[in-house]
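The values are calculated or read from the model by the stated rules, or taken from the named source; none is laboratory data. Computed from a predicted model, the values in this text were never measured in an experiment. Here Cβ is always computed from backbone atoms with ideal geometry, including for glycine, and neighbour counts include all displayed protein chains.
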Amino acid sequence: MCALTAATSGLAYQLHPTEYCISNRDTAMANDEHVAMLRKGVDAWNEWRFEKPLNIPDLSGTNLSGANLSGANLSGADLGGADLDGANLSNTIMADGAKMAAAFTKRSTSTTETSAIA
């Protein structure tokens, strides 16, 4: 069950038990139906993608920081301006390419740089 939490802009949802936040940001307008489907988890998301293969997911500007998206089918998804800071994208399917213009991945980059130094 998601609990609505306050955010500085847009809506934020604190998810249980994965405890990551998915929200819409003011800079881009994601499709609310697509965001709601992703909040249900990777299995539900992938089933929805299989059942509706012509849907092109619009997650633009969505806050996916810390989200466990491992194994998610993000093929063709619009992730422009999305916050992917610390998101787990391992085994994510992007066969048709995901549009990731200006996607924010600061923590992932910092972690990689720190690992390289250590």
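Some values worked out for this structure:
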| item | result |
| --- | --- |
| Hits in region 55-83 (condition: without any contact (Cβ under 8 Å) to a residue 40 or more places away in the chain and more than 19 Å from residue 32 (Cβ to Cβ)) | 70, 71, 73, 75 |
| Residue check for residue 69: in contact with a Lys or Arg (Cβ under 9 Å, 6 or more places away or on another chain), on the phi < 0 side of the Ramachandran plot and either modelled with pLDDT under 85 or surrounded by 14 or more Cβ atoms within 10 Å (Cβ to Cβ) (or both) | no |
| Output for region 75-98, where each listed residue is in contact with a Phe, Trp or Tyr (Cβ under 9 Å, 6 or more places away or on another chain) and closer than 22 Å to residue 54 by Cβ | 82 |
